[in-house]
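Readers should treat all values here as calculations from the given coordinates under stated rules, not as data from a laboratory. Quantities reported herein were computed from a predicted structural model and do not represent experimental measurements. Positions of Cβ are generated from backbone atoms using ideal geometry, with glycine treated the same way; all protein chains shown enter the neighbour counts.
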Amino acid sequence: MQIPDKFHDECGVVAIFSHPEAEKLKLAYLGLHALQHRGQESAGIVSSDGLVSRVHKAMGSVADIFTEDVLSKLHGTLAIGHTRYSTAGDSALLNAQPILVQSNKGAIAVAHNGNLVNATAIRARLESQGSIFQTNSDTEVLVHLIALSKEHTLPEAMADALRRVEGAFSLVMMSNDRIFAARDPRGFRPLGKISAVDGHKHDAFVFASETCAFDLIGAEYIRDVKPGELIIVGPEGVSSRFYSTAAPQSSCIFEHVYFSRPDSLVFGRSVQTSREELGRQLAREAGVDADLVVPVPDSGVTAGVGYAAESGIPFRFALIRNHYVGRTFIEPSQSVRDFGVKLKLNPVRSLLEGKRIVLIDDSIVRGTTSRKIVRMVRSAGATEVHMRISCPPTISPCYYGVDTPSRKQLIAANKSVDEIREYIGADSLAYLSLEGLKKACGEGEKISYCSACYTGKYPTDIVDIEEIQPATARR
Ligand code: AMP
């Protein structure tokens with residue numbers, strides 16, 4: 001079995017509990033469709049008619065996996081679903097979610113967005129006691145802890161298990177007749193709750209990573225699942241309990257920088273508002289004399305709009321993205337990744353020729369993309385290329401559910417801003433300050449963020465997986 005060299009978990013989750021109309025389960029499919037950007041390599045749905053749970057999961061996009069034929073077999077009144085970006089290779093389907101097991105507490109299905117930072121230690125302990133694991137996934141640890149719990153009811157066993165894991169988890173879980181939604185005590189990843197689908201009061205209860213999934217379903221957003229909260233929806237109605245007291249909030253700021261869709265509310269705040277403000281703040285901090293603001297699509301578009309509005313420099317789509325390129329091409333090798341940029345983006349020569357360009361993107365990770373794009377813009381006739389990044393330099397890997405490479409591969413962990421400028425071949429390069437980032441994302445009384453990828457200061461105890469463990473021991 002191939003073991004991934006690091007956690008790769010960028011995921012979206014959805015859960016639905018509805019009245020007995022098979023059609024309603026298609027809402028789970030539609031919800032996943034709206035969360036496709038959170039993970040494009042595998043997807044799955046577990047559905048139940050109240051008595052028996054069935055799973056369907058596969059590699060590929062939601063639309064490819066859930067054909068009319070597959071959907072017609074998804075009978076039942078409740079479901080949970082998951083989209084995942086994982087590693088390529090044989091091990092990926094094995095790790096696709098939701099995980100569905102039969103246990104001493106009945107059927108348990110789990111779909112997880114985030115990463116458990118103490119999963120390796122728990123797994124080693126359980127394996128030494130004879131537990132047998134089927135996947136490489138940290139999420140499976142949680143399923144074992146629920147099954148092994150001495151508590152007698154499933155909600156109590158879940159609460160017990162949730163108290164034993166550390167890190168980031170927005171979870172939707174299911175038994176044959178109930179759904180459960182829980183968030184870690186720090187609220188790292190988003191998870192919202194809705195009801196009243198199609199305007200029918202309490203017609204259905206839905207949970208999803210982002211509110212854009214609710215919009216597609218035509219449902220009303222009620223509130224976020226609170227940090228430390230476990231919500232249970234079953235035949236008897238809805239109940240909520242806190243399995244843990246909330247810890248200081250550390251919601252992921254990268255959700256606002258890049259990961260979530262601008263049409264979503266995330267942590268109760270509009271991503272569009274944050275992202276446009278990131279661009280405005282960037283223009284205030286790092287203005288430059290230029291002719292055109294050009295975003296790197298799609299990730300730089302909204303910040304680009306903000307930068308142009310604040311600076312007064314005209315905004316143009318001078319890089320065109322081919323939206324029909326699948327992620328199949330994005331293999332871990334550097335040469336393929338370089339090729340991938342050309343497949344995805346093409347410059348509009350008539351706009352760029354003879355112009356001084358401000359290029360806006362959300363982040364530089366390895367530097368490969370920016371280097372290619374700067375070259376592309378120059379070869380299309382731009383006279384100057386000024387790169388502006390709508391967050392601070394990414395210097396530390398994320399252990400809470402965003403796919404980042406090791407510190408060795410993070411260009412900003414190894415080079416100064418000027419060295420990066422030289423590497424990508426730009427005339428100038430500037431990043432947004434940490435203070436500017438937090439301000440733009442509304443840090444303050446109502447929300448406080450984890451920005452460990454920019455500071456190296458992790459809000460939980462962290463075993464630095466990269467530095468003290470051999471790659472083959474990681475899960
Ligand atoms: P790189 O070539 O490694 O510097 O990648 C930079 C590009 O990857 C930027 O255009 C970002 O929008 C995008 N990006 C940043 N973070 C991530 C991530 N965690 N997963 C996928 N893409 C990302």
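Distance cut-off 29 Å, Cα to Cα: go down the list 408/438; 344/408; 26/150 and report the pairs above it.
As for pairs spanning more than 29 Å Cα to Cα, those are 26/150.
I need the calculated FRET efficiency for the pair residue 418 and residue 285, taking r as the beta carbon distance and R₀ as 22 Å, to the nearest 0.05.
Working: r = 17 Å, r/R0 = 0.77.
Approximately 0.85, to the nearest 0.05.
So for the chain, averaging the separation of alpha carbon pairs under 8 Å that are six or more residues apart and normalising by length, what relative contact order in percent results?
Details: 1142 pairs, mean separation 67.5, N = 475.
Rounded, it is 14 percent for the chain.
So how far apart, in nm, are the two label points at residue 342 and residue 383 if each is 7 Å from Cα heading toward Cβ?
Distance between the two pseudo-spin positions: 2.9 nm.
In terms of modelled amide H atoms, which long-range or inter-chain residues lie less than 5 Å from the amide H of residue 60?
Under 5 Å from the amide H of residue 60: 42, 43.
Evaluate E = 1/(1 + (r/R0)^6) for residue 102 and residue 325, where r is the Cβ-Cβ distance and R0 equals 45 Å; express this FRET efficiency to the nearest 0.05. Walk me through the intermediate numbers first.
On the way: r = 40 Å, r/R0 = 0.89.
According to the calculation, E is roughly 0.65.
Out of the stretch 91-161, which trypsin sites (Lys or Arg not before Pro) are coil in DSSP terms and have no more than 16 other C-beta atoms within 10 Å? Could the numbers behind the result be given before it?
Numbers: sites: 105, 123, 125, 150; in loops: 105, 150.
Those that pass, being in a loop and sparsely packed, are 150.
Report the gain in length on full extension from residue 125 to residue 455: 0.36 nm times residue separation, minus Cα-Cα distance, nm rounded to one decimal. Write down the numbers at each step before the final one.
Working: separation 330, 0.36 × 330 = 118.80 nm, distance 3.18 nm.
Stretched out fully, the residue 125 to residue 455 stretch lengthens by 115.6 nm.
To the nearest whole percent, what portion of all C-alpha pairs in the chain is separated by more than 32 angstrom? Please list the in-between numbers first.
Values: 44340 of 112575 pairs.
The proportion of pairs with Cα distances above 32 Å equals 39 percent.
Find me the longest stretch of the chain that has none of the exposed chymotrypsin sites (Phe, Trp or Tyr not before Pro), where exposed means in a DSSP loop (not H, G, I, E or B) with at most 14 other Cβ atoms within 10 Å. The partial results should precede the final answer.
On the way: sites that count: 133, 317, 324.
Longest stretch, sites excluded: 134-316.
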